[in-house]
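A.B. asks: Okay, handing you the structure first.
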Amino acid sequence: MSTLTTSFLPSLEKENSLFVYTTTRRRGHSKKSQSIVPVARLFGPSIFEASKLKVLFLGVDEKKHPAKLPRTYTLTHSDITCKLTLAVSQTINNSQLEGWYNRLQRDEVVAEWKKVKGKMSLHVHCHISGDHFLLDFVARLRYYIFCKELPVVLKAFVHGDGNLLKNYPELEEALVWVYFHSNIQEFNKVDCWGPLKEASSLSSTTTNSSSSELSEIQMDNTSNCNLDLPQPCQGSCTCCFPSRRKI
């Protein structure tokens with residue numbers, strides 16, 4: 001979950017930032033000229049690396065179906081260690097989101113399992129913009145990055161909570177709904193990414209792709225799921241769980 005706000009430090013190459021700073025020497029110039037290359041990068045490399053994932057199970061039971069016991073995922077990234085931390089718990093693990101740095105970056109991804117009218121689905125939440133002007137300034141790029149790297153996020157969920165999916169393989173067919181939260185209407189939306197098994201195996205575009213390819217990536221990821229967001233029953237029932245949102 002690499003840095004999603006803009007870093008303006010004109011220092012040595014920073015591979016864990018959204019912008020990688022490289023120095024290049026042009027012909028006919030004695031001084032090095034610095035170029036800023038935007039790299040669409042979230043969680044470091046675009047390829048999921050299981051060795052860099054740390055999983056915490058907090059008050060959950062892998063033998064309990066998420067239709068009976070609330071189950072949420074909180075995924076964060078350390079720019080210092082380049083490792084991911086996934087907390088599997090009944091509610092958001094707020095301790096992962098504390099501190100000024102996390103409040104500045106807002107590059108966490110949280111998700112929850114829900115049963116709506118008898119059908120299971122995974123609801124994933126990404127914060128695009130709002131809270132402070134830096135996020136608004138790079139809203140389009142943040143949206144592009146989250147869209148591009150969500151398969152990596154979903155792979156982390158699948159790998160980290162692998163025993164649950166082994167016990168209940170039907171969950172791999174559950175639809176994935178992605179909520180993009182933004183104070184800009186263009187990026188404030190909910191998209192269906194299809195079954196978890198397919199959504200987590202989507203190929204990410206190369207990291208040097210331009211933001212002009214955003215619409216193509218988004219279309220590829222959602223073209224197989226033209227459905228309306230499932231709405232829970234208004235009154236008390238047994239076909240919807242949990243009764244109140246955990247996120």
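A.B. asks: Of the residues that sit in the stretch 126-140 and are open to solvent by 10 Å² or more (accessible area, probe 1.4 Å) and at pLDDT 90 or above, which one is farthest from Val88 (Cα to Cα)?
C.D. replies: Per the criteria, the residue is Arg140.
A.B. asks: Can we say Phe146 is out of contact with any Ser or Thr (no Cβ under 7 Å at 6 or more places or on another chain), of a type in the set (Phe, Trp, Tyr) and within 23 Å of Asn188 (Cα to Cα)?
C.D. replies: Values: out of contact with any Ser or Thr (no Cβ under 7 Å at 6 or more places or on another chain): yes; of a type in the set (Phe, Trp, Tyr): yes; within 23 Å of Asn188 (Cα to Cα): yes.
Judged against the criteria, Phe146 is a match.
A.B. asks: Can you confirm whether the stretch 69-80 contains a residue that is open to solvent by 40 Å² or more (accessible area, probe 1.4 Å) and among the acidic types (Asp, Glu)?
C.D. replies: no
A.B. asks: Would you confirm whether or not the stretch 152-163 contains a residue that is in a helix (DSSP H, G or I), closer than 27 Å to Ser51 by Cβ and of a type in the set (Phe, Trp, Tyr)?
C.D. replies: The answer is yes, given that some residue of the stretch 152-163 is in a helix (DSSP H, G or I), closer than 27 Å to Ser51 by Cβ and of a type in the set (Phe, Trp, Tyr).
A.B. asks: Restricting the stretch 158-180 to residues that are open to solvent by less than 60 Å² (accessible area, probe 1.4 Å) and acidic (Asp, Glu), which is nearest to Leu122 (Cα to Cα)? Let's see the steps before the verdict.
C.D. replies: As a first pass, look at the stretch 158-180 and keep what is open to solvent by less than 60 Å² (accessible area, probe 1.4 Å): 158, 160-162, 164-165, 168, 171-172, 174-180.
Remaining after also requiring acidic (Asp, Glu): 161, 172.
Details: Asp161: 13, Glu172: 10 Å.
Within the stretch 158-180, the match that is nearest to Leu122 (Cα to Cα) is Glu172.
A.B. asks: Those residues that are at pLDDT 80 or above and touching a Lys or Arg at 6+ places or on another chain (Cβ under 9 Å), I need them from the stretch 83-107; list them, please.
C.D. replies: Matches in the stretch 83-107: Lys83, Leu84, Thr85, Leu86, Val88, Ser89, Gln90, Thr91, Ile92, Leu97, Asp107.
The values are calculated or read from the model by the stated rules, or taken from the named source; none is laboratory data. This structure is a prediction, so every number in the text was calculated from the model and none was measured. In this analysis, Cβ positions are derived from the backbone assuming ideal geometry, glycine residues included, and neighbour counts consider all displayed protein chains. Side chains included, ligands, DNA and RNA excluded: accessible areas come from the protein's heavy atoms. Shrake-Rupley method; radii C 1.70, N 1.55, O 1.52, S 1.80 Å.
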